[in-house]
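Asker: Below is one structure. I have some questions about it.
The values are calculated or read from the model by the stated rules, or taken from the named source; none is laboratory data. Because the structure is a prediction, the values reported are computed rather than measured. As a convention, Cβ positions derive from the backbone with ideal geometry for all residues, glycine included, and neighbour counts pool all protein chains shown.
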Amino acid sequence: MMAVTVNEPQNDVLEACRRGDQDALRVLFEAHKDRVYSLALRFTGDGTAAWDVTQEVFIKVFSKLREFRNQSKFETWLYRIVLNACIDEQRRNKRFVPFAEHHQHNQISEDQPQEKSYVRRQVTEAVQQAVARLSPKVKAPILLRYVEGLSYTEIAEALGCRAGTVAARLNRGHKILARELAGLRGVTP
Amino acid sequence: MRFWKRWEEHVTDDLSAYSDCMLPPQESARVSEHLKHCESCAHEYDEVRFAGTLARHLARASAPEGLWSSIERRWLERTTTAWSATEQSRWLTLRGSWLAGVGALLALSLVLVALIRFDLPHRATRPPGTSEMTSVGTAAGGSKSTPAPALAHFNLGTYLETLKAASPEQSYRLVSAASPGFVTVEKEEALRMAGLSALKKMTPLPGYRLLTYRASRVGKSEVVQLVYEKGKEAFSVFVAPHQLKFSYGKESCIDAKVRDIRCQKVDCPFQQSYVFGGGRYLCALVSKSLTAEQAAAVMRYFISAHKRNGDK
C-alpha cells in the first residue's frame, strides 16, 4: 500500500484511488468532505439528508473514478455528482422531510435578541431555509456561487450550460431571495 | 443613434453579472450608466445586491465526525459483495456446466438400465408419490429445484452466533454488518419493503441514524435489514412478511414482555435481541447494547408504523 499525503499532486491520489488504495481514498475524502457536505447541507437544508448525500457521493466517486479521465477538472465532475445526488435525495425524501413551511424569519428584528452572533445565526438559518426552497435549477448556481465561490464560467461548466444561462438563473434566484427575505432588511449583521 | 438606443435598454438580465463584476468593461459601463437614469432597474439592482449579501452567509460547513467510518464500511461491503457476486456467478457457471455433463451421463445410464432391467416402455412411468417437502429457506433463498416450501424460514443463526462471541468493540461492526446474502438497496425501496413508508420520523431512537438498508429474498418473500447507528453503537432490525418465520441457529426464543410489549427474546445472555410484530410483518431487533427501555421504543416505532400501514 502506498503512502499518500494531501500535499501530493491530485493526479497521483486519483491514480492510487483507481487502484483501490484505501489510504488514497481517505485522502480524497479528507480533501473534499467539507465541500461535498456543505453543498448537500445547503441544498437540502437538512443535516441528516446531507449526511446521506455525502455518503452516496463518495461511494459513487470511488466506484466511478475509473470513468473519470481528467477531461474536465475533478472538482467540476464532483460538483455534478453532488448536485445530482442532492436532487435525487430531495425527490426521495420529499414525503419524509417536508421543508419548513414559509418561515417567519422576516419577523427578526434588532429589538429581539441583542447579541449580534445570535442574529447572525438566525439570518444564516433564514437564508439557508429560503435557499433550500428554491427550485434545483436556480438553487444550484446560487450555491456554487456563494458556497463555493465559483465564477460564472466555472458554474456553467459544472452545470453543463452557458454562462448567460447561469447569469439568468442567478438573477431569478436573487429576486426570489430578496422577496422571501425582505423582512431581514436592516437587521443583517 | 444605435449607441444611445443601447443605453436606454433595461438591464435587468445583466444585474447579477454586473453586481458580481462578471461583465466585460464596456457592458459594465453601459449598465452603470443605465442605472443612473432608470428607477425600475435601480430598484432591481438593489434587490440583487441585498440577496447577494444575504447569500454570502452560506459559508462552507464542516463535515461531521464519523462520516469516513460509515463511508469506508459501505465501500468495503460493496466491493466485497461485488467480488462475491462475480466469483459466485463464475463458480456457478462452471459448476453448472460440469454438473450438467455428469447429470446427462447419469440420466442416460439410468434410462438404459431401466430399459434393459424393467422393460419400462410397457409399464406405468410414474413412480410412487412423494410426500410434500418442507423446505427451509436461507437468506440466499431456497433451492429452486425443490417443491414450493410449505413454510419458509429465515435463519438468523449465523448472524447471532458471531455476535454472541464478540467483544463490545467488535459488536458495533458486527451488528451493522450485512447478514449473509443481503445486499444494499435503495433507501426508498428498503423503507417500502419494511412497511415504513408512511413514517415521517426517520429514527426510532433519538440520536440514532438510519445508515444502511439491505434486502434479501427468502423463497418468495423479501426480508429487509435496517441498521441504525449512533457513534459506535448500532442495532439492526430485520423486517419480514408474516408468512416467514425466523429461526435462530443454536439459540431458542422465550416469551417476554418488555415495557408492556409482548415479544420473544432470543435466549442468549450477551445480547438484547427480540422478535416482535404480528399481522402483516414480523420483525427481529438485534442489538448488543440497547436497554430494555430503548428496545421497547424501537419495537413500538415499528409496530406503530405497521399499524399506520394498514396492519391491524
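Asker: I'd like to check which helices (runs of 4 or more DSSP H) are fully inside region A:128-189 and have at least 2 residues that are closer than 27 Å to A:Asp88 by Cβ and of a type in the set (Asp, Glu).
Answerer: A:152-159
Asker: Residue check, A:Gly45 against (1) modelled with pLDDT of 90 or more; (2) under 13 Å from the mean Cα position of the chain (by Cα), all met but one. Which one?
Answerer: Of the numbered conditions (1) modelled with pLDDT of 90 or more; (2) under 13 Å from the mean Cα position of the chain (by Cα), the odd one out for A:Gly45 is (1).
Asker: Also, quick follow-up: Take B:Val224 and tell me if it is under 25 Å from A:Val57 (Cβ atoms) and touching a residue at least 24 places away in the same chain (Cβ under 8 Å). Spell out the reasoning first.
Answerer: Numbers: under 25 Å from A:Val57 (Cβ atoms): yes; touching a residue at least 24 places away in the same chain (Cβ under 8 Å): yes.
Spelling it out, B:Val224 is indeed under 25 Å from A:Val57 (Cβ atoms) and touching a residue at least 24 places away in the same chain (Cβ under 8 Å).
Asker: Which members of region B:275-305 meet the condition of being of a type in the set (Phe, Trp, Tyr) and touching a helix residue (DSSP H, G or I) at 6+ places or on another chain (Cβ under 9 Å)? Don't jump to the end; show me each part of the working.
Answerer: First pass over region B:275-305, keeping only residues of a type in the set (Phe, Trp, Tyr): B:276, B:281, B:301-302.
Passing the criteria: B:Phe276, B:Tyr281.
Asker: Would you be able to say whether some residue in region B:6-13 is modelled with pLDDT under 80 and in contact with a Ser or Thr (Cβ under 8 Å, 6 or more places away or on another chain)?
Answerer: As a first pass, look at region B:6-13 and keep what is modelled with pLDDT under 80: B:6-9.
Imposing the further condition that a residue be in contact with a Ser or Thr (Cβ under 8 Å, 6 or more places away or on another chain) reduces the set to none.
No, region B:6-13 has no match at all.
Asker: Also, I was wondering about something else. Return the residues of region B:188-221 that are buried (at least 19 other Cβ atoms within 10 Å of the Cβ), at pLDDT 80 or above and under 17 Å from B:Ala240 (Cα atoms); say none if nothing qualifies.
Answerer: Those that are buried (at least 19 other Cβ atoms within 10 Å of the Cβ), at pLDDT 80 or above and under 17 Å from B:Ala240 (Cα atoms): B:Ala190, B:Leu191, B:Met193, B:Ala194, B:Gly195, B:Leu196, B:Thr212, B:Tyr213, B:Arg214, B:Ala215, B:Ser216.
Asker: Taking only pairs six or more apart or across chains, which ones have beta-carbon atoms under 8 Å, a first residue in region A:11-40 that is closer than 18 Å to A:Trp51 by Cβ, and a second residue that is of a type in the set (Ser, Thr, Tyr) and in a helix (DSSP H, G or I)?
Answerer: Qualifying pairs under 8 Å: A:Lys33/A:Thr54; A:Val36/A:Thr54; A:Tyr37/A:Thr54; A:Leu39/A:Tyr79; A:Ala40/A:Thr54.
Asker: Next up: How many residues does region A:144-187 contain that are out of contact with any Cys (no Cβ under 9 Å at 6 or more places or on another chain) and either at the interface with another protein chain (Cβ under 10 Å from one of its Cβ atoms) or of a type in the set (Asp, Glu) (or both)? If you could, list the steps in order and put the result at the bottom.
Answerer: Kept after step one, since they are out of contact with any Cys (no Cβ under 9 Å at 6 or more places or on another chain), are these residues of region A:144-187: A:144-154, A:156-168, A:170-187.
Filter once more, keeping what is either at the interface with another protein chain (Cβ under 10 Å from one of its Cβ atoms) or of a type in the set (Asp, Glu) (or both): A:145-149, A:151-154, A:157, A:163-164, A:166-168, A:170-182, A:184-185.
Residues meeting the conditions: 30.
Asker: Can you name the residue in region B:198-213 that is at the interface with another protein chain (Cβ under 8 Å from one of its Cβ atoms) and in a loop (DSSP other than H, G, I, E, B) and, of all such residues, is nearest to A:Glu56 (Cα to Cα)?
Answerer: If we take residues in region B:198-213 being at the interface with another protein chain (Cβ under 8 Å from one of its Cβ atoms) and in a loop (DSSP other than H, G, I, E, B), then B:Met202 is nearest to A:Glu56 (Cα to Cα).
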